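What follows is a short report on a single structure.
The values are calculated or read from the model by the stated rules, or taken from the named source; none is laboratory data. Keep in mind that what you see is a predicted model, and the values were worked out from it rather than measured. Backbone-built Cβ (ideal geometry, glycine too); neighbour counts: all protein chains shown. Heads up: the accessible areas ignore ligands, DNA and RNA and are worked out on the full protein's heavy atoms, side chains in. Shrake-Rupley method; radii C 1.70, N 1.55, O 1.52, S 1.80 Å.
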Amino acid sequence: MGFRGKFFFPILMTLSLFLIIRYNYIVFGDPPLRQDLPGRRSFSSGDDVISSVRTPSKRTKRLFHTAVTATDSVYSTWQCRIMYYWYNRFKDEPGSEMGGYTRILHSGRPDGLMEEIPTFVANPLPSGVDQGYVVLNRPWAFVQWLQQAHIEEEQGKATFDVQILSCFFDHHVSYILMAEPDHIIVKPIPNLARGNLGAAFHFFYIEPKNYESVIRKFFPKEYGPISRIDPIGNSPVIVSKNALKKIAPTWMNVSLAMKNDPQTDKAFGWVLEMYAYAVSSALHGVSNILHKDFMIQPPWDTESKKTYIIHYTYGCDFDMKGKILYGKIGEWRFDKRSYGDKPPPRNLTLPPQGVPESVVTLVSMVNEATANIPNWES
């Protein structure tokens, strides 16, 4: 059977079903989550893979589009500006397969960065639906963007000839890197995804096996063992556009259903939306290469030389002798939460001697960005 009959029409049916689910949920209230989602037949075999992936040669260059979800708050805005600065610094460097860039702004209205950063304006969820958990807007924003936006890295139309497809599939696939404002790109990023396999970071605190009784509400037994669910969030993830178009509406519905279930909400807390993406990816049979060098998180990760991204989600507190302080405000500190209503000043004081290299690199890179971004507000 040719590609058209075997593969193309099921995709159309899948996307149609998800559009129906999306509008039922957003427009008509809070019906039960539909569990009869397609795609489970395409699970790949084998256990999770944790590996470093070699940079492809120029002959096999496969660009991916970077997409960052954000709000119009001061807190989000200054992080986006720094993130975009470093994206531009490395985009065209050797080894990079970074293509275009979009900030997906889910505040529902344009803001002051529209001319500085390529931006798609998405609508937020209806008032009250996120219950104060603002990241629930992230999957809904991706649904809108994927439906409406033209993504630059469309790398040609796929042929319907099975033999040609098997040889050239990877060259005709569009890929997307889902990233966040508090990511700093440390060096050129290659496309770490491979065909139908996404590439993701292994979060040690995403442990599906420890929450089987909760997760089974959203990942029924007929979809396979809990080990099918990778220990990931949605970011950083490089995944094909076609896969993400299937995952995103499910991710939205699963996130909302989890938030509306008190047991699940209590179990997952602030990482609920990350679990929702991991479950949704597994529901659609999209497995991921777990890349140990994809990202680091200072101060717990101490070296930045092998990584692609620094995620400054944790506060960095030290005394003046370079000793880390747990749960205390240090004599020297860098914590993004200190700059909720104003951006950090230019030329932050570097950490004292003895502080991990990753923290020194983080602050140095923040300083370089703020020194070179026009009209940086101190």
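When the residues of the stretch 244-279 are filtered to those that are farther than 11 Å from Tyr133 by Cβ and free of Cβ contacts under 8 Å to residues at least 60 places away in the same chain, the one that is most open to solvent (accessible area, probe 1.4 Å) is Lys266. Exactly one residue out of Leu244, Leu256 is aliphatic (A, V, I, L, M) and closer than 21 Å to Ser227 by Cα, and it is Leu244.
Could you please give the count of residues in the stretch 80-107 that are under 23 Å from Val143 (Cα atoms) and open to solvent by less than 30 Å² (accessible area, probe 1.4 Å)?
12
Of all the listed residues (Thr313, Thr370), the sole one being closer than 27 Å to Glu116 by Cα and assigned to a loop (DSSP other than H, G, I, E, B) is Thr313. Scanning the stretch 109-143 for residues that are in contact with a Ser or Thr (Cβ under 6 Å, 6 or more places away or on another chain) and under 25 Å from Ser281 (Cα atoms) yields Phe120, Leu136, Arg138, Pro139, Ala141.
Do we find a residue being in contact (Cβ under 8 Å) with a residue 12 or more places away in the chain, under 15 Å from the mean Cα position of the chain (by Cα) and closer than 25 Å to Asp335 by Cα anywhere in the stretch 92-102? No, the stretch 92-102 contains no residue that is in contact (Cβ under 8 Å) with a residue 12 or more places away in the chain, under 15 Å from the mean Cα position of the chain (by Cα) and closer than 25 Å to Asp335 by Cα.
Out of the residues in the stretch 62-76 that are part of a loop (DSSP other than H, G, I, E, B) and not β-branched (Val, Ile, Thr), which is modelled with the lowest pLDDT?
Arg62
Considering each of Lys342, Lys328 in turn, give the residue that is open to solvent by 30 Å² or more (accessible area, probe 1.4 Å) and either modelled with pLDDT under 95 or among the aliphatic types (A, V, I, L, M) (or both).
Being open to solvent by 30 Å² or more (accessible area, probe 1.4 Å) and either modelled with pLDDT under 95 or among the aliphatic types (A, V, I, L, M) (or both) holds for just one of Lys342, Lys328, which is Lys328.
Sort out which residues of the stretch 64-79 are aromatic (Phe, Trp, Tyr) and farther than 21 Å from Leu136 by Cβ, and write them in order of number.
Passing the criteria: Phe64, Trp78.
Rundown of residues vs (1) under 29 Å from Pro188 (Cα atoms); (2) charged (D, E, K, R); (3) outside any loop (DSSP other than H, G, I, E, B), yes/no style:
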| residue | (1), (2), (3) |
| --- | --- |
| Trp78 | yes, no, yes |
| Tyr84 | yes, no, yes |
| Asp92 | yes, yes, no |
| Ser96 | yes, no, no |
| Gly112 | yes, no, no |
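Checked against (1) farther than 20 Å from Trp86 by Cα; (2) open to solvent by 40 Å² or more (accessible area, probe 1.4 Å); (3) not in a helix (DSSP H, G or I), Glu377 passes all but a single condition, namely (1). Each residue in the stretch 280-310 was checked for being open to solvent by 30 Å² or more (accessible area, probe 1.4 Å) and either among the hydroxyl-bearing types (Ser, Thr, Tyr) or part of a strand (DSSP E or B) (or both), and 1 pass. For the stretch 108-145, the candidate set comprises residues that are small (Gly, Ala, Ser) and on the phi > 0 side of the Ramachandran plot; within that set, the residue that is most open to solvent (accessible area, probe 1.4 Å) is Gly132.
Filter the stretch 345-364 down to the residues that are among the hydrophobic types (A, V, I, L, M, F, W, C) and open to solvent by 20 Å² or more (accessible area, probe 1.4 Å) and list them by number.
Scanning the stretch 345-364 gives Leu348, Leu350, Val360.
When Phe219, Phe201 are checked against the criterion of being touching a His at 6+ places or on another chain (Cβ under 7 Å) and at pLDDT 95 or above, a single residue qualifies: Phe201.
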